[in-house]
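Student: First the structure, which I've put down as structure tokens, then a few questions once you've had a look.
The values are calculated or read from the model by the stated rules, or taken from the named source; none is laboratory data. Remember, predicted model here, so these are calculated numbers, not experimental data. No Cβ is skipped: glycine too gets one built from the backbone with ideal geometry, and neighbour counts run over all protein chains shown.
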Amino acid sequence: MAGEVIVRFPPSPTGYLHIGGARTAIFNWLFARKHKGKFILRIEDTDVERSTKESVEGILDGLRWLGLDWDEGPYFQSEFHQEHVDVAQRLLEEGKAYKCFCTKEELEKKRQMALKEKRSTVGYDGTCRNLTPEEVREREAKGLPYVIRFKVPKRSGKIGYDDKVLGRIEKDYSEIEDFVIVRSNGRPLYLLCNVVDDIRDRITHIIRGQDHMANTIRQILLYEALGATPPVFAHMPLTLDPKKRKISKRTHGEVVSVQFYREHGFLPWALVNFLVLLGWHTSDNREIFSKEELIEAFSLEGISKANAVFNFNPDDKEKVKKFFTDPKALSINAHYLRTIPVEELAGYVEKELRDAGLWDEAYKGERRDWFLKTIDLIRTRFHTLKDFIGPGRAYFSDEFEYDQKALKKNIHKHPELKELLPELGERLDSVDSWTLETTEEVVRAYCDEKGVKPGIIINGIRTVITGQLKGPGIFDCMVLIGKDRVVRRLKECGALYE
Ligand code: GLU
């Protein structure tokens, strides 16, 4: 690519970082990293009523957690207010914009008329476009409020651009109304501020959602009026919920925030990997990418035209069960839980255990080896980090829950285990060296002696010592849970029949 690539992520700080915003940031960040360019963070905080400091903090925190580092910023749009005002003034002076004194009521009346007459363009009719300087002065002298409108050039034909995702996008000049760039309270509008900032930041590519397409043509006119070359535009598909509604903070609340995934046991890179697949793909539809692989594979050409569906459970906010979100997101998270270096996983699990009050400093000292082996063993079936304190709790605590299905199938269906398992506990108590071999030997010999199928005993042991229906090899589990705990749990299993 000729010249340096500079992209930006310009969130409006009016709430948390949601997954749509995060996806936009990811696409831009990947594009910058791929082309060894710059990723600029710019906070569009000009909507003073809705922008909050907490939101800014939340967005920065979310980006940091996802590992999306920025090269410049955060810049704050509000700090460039004077520049925005000056640019509007310049457009006025150059005759590229004009003051419009039409009142809301007048505009509404005209709109209704146009609708009634079924005119194709319902936009502003240009009443104030041709006011003479005297007429303008007169109105100003009367203190009449005005907005500043951009003077769309009177040209025949179309204006357009080559969207990197959607191809050629065009619009007839005659269909573009003279749009407002400064409100009557003197505040420049987003449409203008955004362009002024992008020119100042030397942005080369604008990668944003298709919901911004309505602005793009008008912004291209502003670039032209300001004597700047427009950047390349790439409009990404929208993210929809399973009912095909646009995902938004307002409709869906917390379940679509990045924070929600963080709090529900997602690994940051797993979330990045999942989000990038919402609206982007490689020709072989690959699903798992390391950071380096993704940077290498990413291209604007791979962005889909069609909207992407995020299959979370929008109406299941309370039931944060195993499948509380898109199964693909969970399976990608499970993949990373299974495959990241165990030392790296240890840091995440430590946090979970600490928060749950289950952390033991020895896991960093004399029991480090045990801790690493344990999480390495149990991670194979887990979907989120929360599973370490859920289905994996029995390894770290004597207080754990029994899965109801497991109790029914492995315990209650076999009343004979009420006597057998405590007796097996006694046998195991006399084992001196607690290893895979010795535990297996004792259990198998016991099954033979009692004439019970090993499967019944083994499943029983599993549920009694871990609370679970399924899990890794039982002797591995026994060794890691440790002799004392295994023996005690087996001896006391009668309580499960009460
Ligand atoms: N502040 C806008 C938003 O959060 C960004 C618009 C843009 O990318 O140009 O949607």
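Condition check ((1) surrounded by 14 or more Cβ atoms within 10 Å (Cβ to Cβ); (2) touching a residue at least 12 places away in the same chain (Cβ under 8 Å); (3) of a type in the set (Phe, Trp, Tyr)) across all residues:
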{"site": "398", "(1), (2), (3)": "no, yes, no"}
{"site": "407", "(1), (2), (3)": "yes, yes, no"}
{"site": "416", "(1), (2), (3)": "no, yes, no"}
{"site": "420", "(1), (2), (3)": "yes, yes, no"}
{"site": "427", "(1), (2), (3)": "yes, yes, no"}
{"site": "430", "(1), (2), (3)": "no, no, no"}
{"site": "458", "(1), (2), (3)": "yes, yes, no"}
{"site": "461", "(1), (2), (3)": "yes, yes, no"}
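Student: A follow-up question, please. Inside the range 170-191, can you point out the residues that are outside any loop (DSSP other than H, G, I, E, B) and either more than 30 Å from residue 279 (Cα to Cα) or within 16 Å of the ligand (Cβ to nearest atom) (or both)?
Tutor: Hits for the range 170-191 are 173, 174, 175, 180, 181, 182, 188, 190, 191.
Student: Can I ask one more? I need a count of the residues in the range 14-38 that are within 18 Å of the chain's Cα centre (by Cα) and within 26 Å of residue 232 (Cα to Cα).
Tutor: Summing the residues that are within 18 Å of the chain's Cα centre (by Cα) and within 26 Å of residue 232 (Cα to Cα) in the range 14-38 gives 15.
Student: Do we find that residue 248 is within 16 Å of the ligand (Cβ to nearest atom), among the small types (Gly, Ala, Ser), modelled with pLDDT under 95 and crowded, with 20+ Cβ neighbours inside 10 Å in this structure?
Tutor: For residue 248, the condition - within 16 Å of the ligand (Cβ to nearest atom), among the small types (Gly, Ala, Ser), modelled with pLDDT under 95 and crowded, with 20+ Cβ neighbours inside 10 Å - is not met.
Student: Consider residue 260 against the criteria (1) crowded, with 18+ Cβ neighbours inside 10 Å; (2) outside any helix (DSSP H, G or I); (3) more than 16 Å from the ligand (Cβ to nearest atom); (4) not polar (S, T, N, Q): it satisfies all of them except one. Which criterion is unmet?
Tutor: In the conditions (1) crowded, with 18+ Cβ neighbours inside 10 Å; (2) outside any helix (DSSP H, G or I); (3) more than 16 Å from the ligand (Cβ to nearest atom); (4) not polar (S, T, N, Q), residue 260 misses (2) alone.
Student: Regarding the range 147-155, can at least one residue be identified that is without any contact (Cβ under 8 Å) to a residue 12 or more places away in the chain, under 23 Å from residue 94 (Cα atoms) and not basic (Lys, Arg)?
Tutor: The answer is no, given that none of the residues of the range 147-155 is without any contact (Cβ under 8 Å) to a residue 12 or more places away in the chain, under 23 Å from residue 94 (Cα atoms) and not basic (Lys, Arg).
Student: Continuing with the same structure: For the range 192-244, what are the residues that are closer than 14 Å to residue 87 by Cβ and within 11 Å of the ligand (Cβ to nearest atom)?
Tutor: Matches in the range 192-244: 193, 194, 195, 197, 198, 219.
Student: Right, another one. Which fully enclosed helices (runs of 4 or more DSSP H) of the range 432-485 have 3 or more residues being farther than 21 Å from residue 404 by Cα and not acidic (Asp, Glu)?
Tutor: 436-450, 474-481
Student: Ok, one more. What about residue 14, is it among the hydroxyl-bearing types (Ser, Thr, Tyr), surrounded by fewer than 20 Cβ atoms within 10 Å (Cβ to Cβ) and within 13 Å of the ligand (Cβ to nearest atom)?
Tutor: Judged against the criteria, residue 14 is a match.
Student: To continue, here is another question. Can you pull out the residues in the range 17-40 that are under 16 Å from residue 201 (Cα atoms) and within 12 Å of the ligand (Cβ to nearest atom)?
Tutor: Scanning the range 17-40 gives 28, 40.
Student: Let me ask something additional. At pLDDT 95 or above, of a type in the set (Val, Ile, Thr) and touching a helix residue (DSSP H, G or I) at 6+ places or on another chain (Cβ under 7 Å) - does that describe any residue in the range 253-263?
Tutor: Scanning the range 253-263, I find at least one residue that is at pLDDT 95 or above, of a type in the set (Val, Ile, Thr) and touching a helix residue (DSSP H, G or I) at 6+ places or on another chain (Cβ under 7 Å), so the answer is yes.
Student: If you check every pair at least six apart or on different chains, which have Cβ atoms under 7 Å apart with a residue in the range 230-254 that is at positive phi first and a residue that is surrounded by fewer than 20 Cβ atoms within 10 Å (Cβ to Cβ) and of a type in the set (Lys, Arg) second?
Tutor: Partner pairs satisfying both residue conditions: 253/317.
Student: Can you give me the number of residues within the range 304-323 that are under 18 Å from residue 245 (Cα atoms), at pLDDT below 85 and surrounded by 14 or more Cβ atoms within 10 Å (Cβ to Cβ)?
Tutor: 4
Student: Looking at residue 46 and the list (1) near the ligand (Cβ under 10 Å from one of its atoms); (2) at pLDDT 95 or above, which single condition is not satisfied?
Tutor: With respect to (1) near the ligand (Cβ under 10 Å from one of its atoms); (2) at pLDDT 95 or above, residue 46 is out only on (2).
Student: Name the pairs whose Cβ atoms lie under 6 Å apart, with the first residue in the range 336-363 and assigned to a helix (DSSP H, G or I), the second exposed (fewer than 13 other Cβ atoms within 10 Å of the Cβ) and not acidic (Asp, Glu), and 6 or more positions between them or separate chains?
Tutor: Sorted first by the residue in the range 336-363, then by its partner, the pairs are 338/380.
Student: Can you name every residue in the range 296-309 that is in contact with a Gly (Cβ under 9 Å, 6 or more places away or on another chain) and either in a loop (DSSP other than H, G, I, E, B) or under 25 Å from residue 36 (Cβ atoms) (or both)?
Tutor: Once the filter is applied, which keeps residues that are in contact with a Gly (Cβ under 9 Å, 6 or more places away or on another chain) and either in a loop (DSSP other than H, G, I, E, B) or under 25 Å from residue 36 (Cβ atoms) (or both), the range 296-309 yields 303, 304, 305, 306, 307.
Student: Could you grab the pairs with beta carbons closer than 6 Å, sequence gap of 6+ or different chains, first residue in the range 380-393 and more than 14 Å from residue 355 (Cβ to Cβ), second one assigned to a loop (DSSP other than H, G, I, E, B) and not β-branched (Val, Ile, Thr)?
Tutor: 391/468
Student: I would also like to ask the following. Please go through (1) without any contact (Cβ under 8 Å) to a residue 12 or more places away in the chain; (2) under 42 Å from the mean Cα position of the chain (by Cα) for residue 84 and return the number of the only condition it doesn't satisfy.
Tutor: Failing condition for residue 84: (1).
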